[in-house]
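Here's the structure we're looking at; comments come further down.
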Number of protein chains: 4
Amino acid sequence: MSVGDTEKTTAAPSERGRLDKRRAIVEAALRVFARVGYAQASLDMIAAEAGVAKPTIYNHLGSKENLFRHVMTETAARANGKTLEVLDSFPNEVDRLRPGLEEVAHKLVACYCDEQSQAVRRLLYAEAVRFPDLFDEVRASGPDQFIEALAGRLARLANAGHLRIEDPVRAANQFIALVYEELPTLSTFGSRPLDPKEADKVAVAGVDTFLRAFGE
Amino acid sequence: MSVGDTEKTTAAPSERGRLDKRRAIVEAALRVFARVGYAQASLDMIAAEAGVAKPTIYNHLGSKENLFRHVMTETAARANGKTLEVLDSFPNEVDRLRPGLEEVAHKLVACYCDEQSQAVRRLLYAEAVRFPDLFDEVRASGPDQFIEALAGRLARLANAGHLRIEDPVRAANQFIALVYEELPTLSTFGSRPLDPKEADKVAVAGVDTFLRAFGE
Amino acid sequence: MSVGDTEKTTAAPSERGRLDKRRAIVEAALRVFARVGYAQASLDMIAAEAGVAKPTIYNHLGSKENLFRHVMTETAARANGKTLEVLDSFPNEVDRLRPGLEEVAHKLVACYCDEQSQAVRRLLYAEAVRFPDLFDEVRASGPDQFIEALAGRLARLANAGHLRIEDPVRAANQFIALVYEELPTLSTFGSRPLDPKEADKVAVAGVDTFLRAFGE
Amino acid sequence: MSVGDTEKTTAAPSERGRLDKRRAIVEAALRVFARVGYAQASLDMIAAEAGVAKPTIYNHLGSKENLFRHVMTETAARANGKTLEVLDSFPNEVDRLRPGLEEVAHKLVACYCDEQSQAVRRLLYAEAVRFPDLFDEVRASGPDQFIEALAGRLARLANAGHLRIEDPVRAANQFIALVYEELPTLSTFGSRPLDPKEADKVAVAGVDTFLRAFGE
DNA sequence: GATGAATGAGTCTTCATTCAT
DNA sequence: GATGAATGAAGACTCATTCAT
């Protein structure tokens, strides 16, 4: 057992309890916000769902608005991280081009359809008027970076002569537009969960069209 | 008795005034909802913006929820109608294929960026949790029909041998996915108005990619 | 019966009811504020005491702070008016000097001990930290004017050779200081109502001392 | 090593720290109460100003109400003590009558205008409804005793034939009424600090009038 | 003994909705 | 039919107070 472990274990009870409580609050808040939206979510609901008293939320997070911001940025960071990891599967060898892109597309769709991911996206859209800066922040730290990374990968393939791409950033945007296709419209609000089967077929078709346009 | 009077008098002064009042309410409501969202829009604001008393809104529209539904469906119907008209520009002759599709793309982007259109879309997304049925209704009467119509046009071109398309509905979806590209993500909430210039370039690029994939 | 009267009488019911309700609120608020102080007075108490619903208070007066301001200024104006009227009894003839001053003193004490007058004064003192401007306003429109008027009367008597006064404003201040004597200290807070009998004796003694100092 | 030192040292640094902490709390509380009033003063503010944790206040003083009582009585005792000392300057010899009284008046005004003195007085007035007994207690142990003592001094002068006074207690009250004049009204709430210069002139004039009435 | 954390009660305020005019 | 006035319900937030450490 390391010293670090010891510290955590010994000094734990209060500290551990505090962090647990904070986490419980944030998680409960995400669930409630996702279920009924920002305006309809009362702190009473959240407190009940988290199993804490209302003032405890204020002690930890300060205000309803602040709570929302924390929930959004934390969850978005997690989701964005996962999405970025998808690029690890990006194909480097030409003979794996189509199956590699399909795998990427498949994983992207999976990330997109992930429950928490959908929830943040929906809430971000829904409250964009109230929290425009929050939207910008999440967008900058997530999708924008992803597009950049994806464009880089595509450019490398293009340079190697495996794809005919002039504008990699545009191509990257079109790639995800084709892969997600109508997911943005369908799922944004997540009233109904998406059918991953169907979404996968759409994604494969998107890759197909992408390769028809830029392949070889 | 003047002509102006005649108009008013026949349909009855009250009737005319009544309809005017109703229209004023609905228009004011759209502006207010678009500005601050459903939950934040108080009937006081709307009544003030419309220049009527609060109970008058109830007399005409019954309830806040009902008012919202009316505003959404009426505005959406108008916007969807305009979008559908765009297909009148769809190219029938093969030699106008690219410029024709570009014209369609251009007009679609214009429709998409129209202020009222953006407002309804944003509100529909934002309140999709609260009004899932409303979302479905508007979607069924708008985008779904548009995709069907567009698919039909594409199928005709494919049958004539001008495009290589197997699944016209999918192609239609991909066409608008490519044309709008990141518009859905960018504009959904309309915090910032879109730059039509930039959007147009994206749309032309979308048409290009579409034709690279399905052309000839 | 004049036209104005007619209008009032006919159009009355609603208007009458509205004003009645406003008056009821203000009066109830004065009672509650006087009883428990500004901070402890909840709008629930006031609403209950006035026999109206809480929002009605907001419709009429806007906010707790505003309500307090109105209650204070209105009540103070009434009280100040009565105090000013006391000077009508001020003696003009020299042979009524002492009894005249005693009458003035007597009436001043009565005004001072008036329940509402005490209530405003106490509240004004108690909340002077929170509402310094309110205190200044009431003071300027009341006591300051009264001192000026009293100084004028004294100056006239001095000019006529009936009093030996160099600085009439100072003498005026000293007159009321002697008449009220420890009333300010005793009553400010009105925990116990003052004994008018006792206060009257003090006032007469004050007049006596005043005449010993400035008389003849 | 002195006995005093021994006591402190033996009783332990903790004891010393404890008393320091208590004193820090009471002083901080006075500042906060003076600044924002009883109801607005939160224990959080006081704890922060004292540099201690909130429960520590409860350990030492029990409750907010109790804390207020302690602060008031302790501070009032100090202020009252100083005021009582003023009488040491009271003139015994007839040839120092006027300058002696003026000196007393001057010192009284100084005591009255002392920052802490004003703060207690203001708070006592402001919270007289909530703490009537506290007001009585302070009054009995302060002003009442002072008046008694002053009356005694005046009686002695009267008996010696230097002043024509029938009712010494009344005269004492009138003396301070004339000396303070409108100080009670002006300063009670201490929004603005009093101008000692001006107050001094008023006091001298008060002594003058007092002597005009009772002198010789 | 001192503290960080948690809480139950209570406050002001807003809003959708309904009468009486 | 249109309106001014009134209301019941509900929500965000604060605070004095108490445990467990």
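The values are calculated or read from the model by the stated rules, or taken from the named source; none is laboratory data. Given the structure is predicted, the values throughout are model-derived calculations rather than measurements. No Cβ is skipped: glycine too gets one built from the backbone with ideal geometry, and neighbour counts run over all protein chains shown. Note: accessible area is taken over every heavy atom of the protein model, side chains too, but ligands, DNA and RNA are not part of it. Shrake-Rupley method; radii C 1.70, N 1.55, O 1.52, S 1.80 Å.
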Next item on the list: Mind listing whichever residues of the range A:62-80 are more than 9 Å from DNA strand F (Cβ to nearest atom) and either buried (at least 20 other Cβ atoms within 10 Å of the Cβ) or within 14 Å of chain D (Cβ to nearest Cβ) (or both)?
Entry: A:Phe68, A:Val71, A:Met72, A:Thr75, A:Ala76, A:Ala79, A:Asn80
Check: With respect to the numbered conditions (1) touching a residue at least 40 places away in the same chain (Cβ under 8 Å); (2) part of a loop (DSSP other than H, G, I, E, B); (3) under 22 Å from B:Gly206 (Cβ atoms), which one is the sole condition not fulfilled by A:Glu166?
Finding: (1)
Margin query: For A:Thr83, only one of the following conditions fails: (1) more than 13 Å from DNA strand F (Cβ to nearest atom); (2) away from chain B (no Cβ under 14 Å). What is its number?
Written below: (2)
Margin query: Take the conditions of a type outside the set (Ser, Thr, Tyr) and touching a residue at least 12 places away in the same chain (Cβ under 8 Å) and apply them to A:Ala140. Does it pass?
Written below: no
Notebook entry, point to check: How do the pairs read when you match residues in the range D:169-182 that are assigned by TED's automatic domain parsing to the domain that holds D:Phe210 with residues anywhere that are among the aromatic types (Phe, Trp, Tyr), using Cβ under 6 Å and keeping only pairs 6 or more apart or on different chains?
Noted result: D:Phe175/D:Phe210; D:Leu178/D:Phe210
Check: Could you give every pair whose Cβ atoms fall below 7 Å, whose first residue belongs to the range B:54-70 and is farther than 9 Å from B:Ile25 by Cβ and more than 9 Å from DNA strand E (Cβ to nearest atom), and whose second residue is open to solvent by less than 30 Å² (accessible area, probe 1.4 Å) and outside any helix (DSSP H, G or I), counting only separations of at least 6 or pairs across chains?
Finding: B:Phe68/B:Tyr38
Next item on the list: Working carefully through the options B:Val129, B:Val109, find the one that is out of contact with any Lys or Arg (no Cβ under 8 Å at 6 or more places or on another chain) and not hydroxyl-bearing (Ser, Thr, Tyr).
Entry: B:Val109
Notebook entry, point to check: Can we say C:Leu87 is under 22 Å from the mean Cα position of the chain (by Cα), farther than 24 Å from C:Asp133 by Cβ and at pLDDT 90 or above?
Noted result: yes
Notebook entry, point to check: Can you find even one residue in the range A:166-185 that is at pLDDT 90 or above, touching a strand residue (DSSP E or B) at 6+ places or on another chain (Cβ under 9 Å), open to solvent by less than 50 Å² (accessible area, probe 1.4 Å) and more than 9 Å from chain B (Cβ to nearest Cβ)?
Noted result: no
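Before we move on, is C:Lys54 over 22 Å from C:Val138 (Cα atoms) and modelled with pLDDT under 95?
yes
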Check: Do you know which residues across the range D:30-52 are free of Cβ contacts under 8 Å to residues at least 12 places away in the same chain, loosely packed, with under 14 Cβ neighbours inside 10 Å and more than 8 Å from DNA strand F (Cβ to nearest atom)?
Finding: D:Arg35
Margin query: Quick test for you: out of B:Asp144, B:Asp133, pick the one residue that is closer than 13 Å to B:Arg69 by Cβ, open to solvent by 20 Å² or more (accessible area, probe 1.4 Å) and either within 10 Å of chain A (Cβ to nearest Cβ) or among the charged types (D, E, K, R) (or both).
Written below: B:Asp133
Margin query: Need the failing condition index for C:Ala76 against (1) within 14 Å of DNA strand E (Cβ to nearest atom); (2) at pLDDT 90 or above, just the number.
Written below: (1)
Checklist line | All positions within the range A:100-130 that are open to solvent by less than 60 Å² (accessible area, probe 1.4 Å) and under 19 Å from A:Ala205 (Cβ atoms) | finding: A:Gly100, A:Leu101, A:Glu102, A:Val104, A:Ala105, A:Leu108, A:Val109, A:Ala110, A:Cys111, A:Tyr112, A:Cys113
Margin query: For the condition in contact (Cβ under 8 Å) with a residue 24 or more places away in the chain, among the charged types (D, E, K, R) and facing another protein chain (nearest Cβ under 8 Å), what is the one hit in A:Glu115, A:Glu127?
Written below: A:Glu127
Check: Would a scan of the range A:10-24 turn up a residue that is away from DNA strand E (no atom under 13 Å from the Cβ), over 21 Å from A:Tyr125 (Cβ atoms), open to solvent by 90 Å² or more (accessible area, probe 1.4 Å) and modelled with pLDDT under 65?
Finding: yes
